[in-house]
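What follows is a set of notes on a single structure, which appears directly below.
The values are calculated or read from the model by the stated rules, or taken from the named source; none is laboratory data. The shown structure was predicted, so the numbers you read here are calculated from the model rather than taken from an experiment. We place every Cβ from the backbone using ideal geometry, glycine too, and count neighbours over all the protein chains shown.
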Amino acid sequence: MQQYRTWNVEEGDTRMARTLKQLPQRKEFIILTNGKATEKNYFKILRSLTRSIFEIKIKFSNSDPVNLVDEAIQYKHRANQVWVVFDKDEFPDNAVISAMHSARLHSIGVAFSNAAFEVWLIDHFVELSQEKTAAELIPILDTYLKDSGYTKGYAKNDPDVIANVFIPRLTDAVHHADVSLQKRIAEYNHERPEVKDYPYFRWNSCTTIHRLIEALKLQTTSGAE
């Protein structure tokens with residue numbers, strides 16, 4: 001709860017003129033994901049190693065993109081922001097398009113990866129620009145991990161790799177993901193300058209996870225840069 005005050009600046013009076021009605025502030029930031037292993041663990045560990053102006057809540061729902069957004073809409077009344085996190089995976093294009101359209105209509109944030117969340121994880125090491133299938137992403141990520149000294153390689157349920165390798169490289173990940181996405185947008189704008197509804201669902205090796213990270217307004221406590 002925060003008090004809002006007005007000051008008589010014009011007359012040079014720095015005394016409180018009056019105290020306005022106390023207004024409740026919604027401080028929850030809800031992240032809803034259908035990724036039970038890596039995605040849920042990633043954001044939980046990120047929350048534990050950083051601070052935010054929000055109270056971050058991470059929730060899992062075993063839903064397709066459309067139902068995930070429908071569920072997220074139900075949280076709007078209690079949260080400052082609500083975001084969904086999902087991948088292209090094997091979902092048909094029309095399901096992803098419908099989910100993104102509904103999210104936009106209801107002011108739900110979308111953190112989307114094509115083809116899989118591992119695109120975002122590779123961005124912690126390098127800007128991923130080549131088109132890769134979900135299956136091809138795993139050995140690439142495994143190689144980067146081992147080259148960085150993490151000899152165990154990649155496993156979806158490994159919290160240590162998230163805390164000790166990925167989160168300390170968070171700044172690099174945001175930069176790489178943003179540069180990659182902006183290149184796609186610039187190329188698309190050049191070809192279709194009149195269209196601004198970007199087909200993220202068609203852009204392989206693309207992610208918008210970094211937009212969620214930026215929206216969280218994080219400050220590091222330990223481990224992350």
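Contact annotation: residue pairs with Cβ atoms under 6 Å, 6 or more positions apart or on different chains, pairing a residue in segment 88-102 that is under 10 Å from Val69 (Cβ atoms) with a partner that is crowded, with 16+ Cβ neighbours inside 10 Å and among the β-branched types (Val, Ile, Thr), are Ser98/Val66; Ala99/Val66; Ala99/Val69; Met100/Val110; Ser102/Val69. Can you confirm whether segment 75-84 contains a residue that is of a type in the set (A, V, I, L, M) and under 23 Å from Cys206 (Cα atoms)? Among the residues of segment 75-84, at least one is of a type in the set (A, V, I, L, M) and under 23 Å from Cys206 (Cα atoms), which makes the answer yes. Scanning segment 149-165 for residues that are in contact with a helix residue (DSSP H, G or I) (Cβ under 9 Å, 6 or more places away or on another chain) and surrounded by fewer than 18 Cβ atoms within 10 Å (Cβ to Cβ) yields Gly149, Tyr150, Thr151, Lys152, Gly153, Ala155, Lys156, Asn157, Pro159.
Among the residues making up segment 177-221, a single one is hydrophobic (A, V, I, L, M, F, W, C), free of Cβ contacts under 8 Å to residues at least 40 places away in the same chain, surrounded by 13 or more Cβ atoms within 10 Å (Cβ to Cβ) and touching a helix residue (DSSP H, G or I) at 6+ places or on another chain (Cβ under 9 Å): Leu181.
When each of Ala103, Ala135, Ala116 is tested for being modelled with pLDDT of 95 or more and farther than 20 Å from Ala173 by Cα, the lone residue that passes is Ala103. Can we say Ala177 is over 21 Å from the mean Cα position of the chain (by Cα), among the hydrophobic types (A, V, I, L, M, F, W, C), under 30 Å from Val66 (Cα atoms) and part of a helix (DSSP H, G or I)? Against the criterion (over 21 Å from the mean Cα position of the chain (by Cα), among the hydrophobic types (A, V, I, L, M, F, W, C), under 30 Å from Val66 (Cα atoms) and part of a helix (DSSP H, G or I)), Ala177 does not qualify. A search for C-beta distances below 6 Å between a residue of segment 128-155 that is part of a loop (DSSP other than H, G, I, E, B) and any residue that is surrounded by fewer than 18 Cβ atoms within 10 Å (Cβ to Cβ), counting only pairs 6+ apart in sequence or on different chains, returns Glu131/Asn204; Gly153/Asp142; Gly153/Lys146; Tyr154/Asp142. For Ile185, state whether it is among the aliphatic types (A, V, I, L, M), more than 16 Å from the chain's Cα centre (by Cα), assigned to a helix (DSSP H, G or I) and under 20 Å from Val110 (Cα atoms). Yes. Of all residues in segment 29-79, exactly one satisfies the criterion of being acidic (Asp, Glu) and assigned to a strand (DSSP E or B), namely Glu55.
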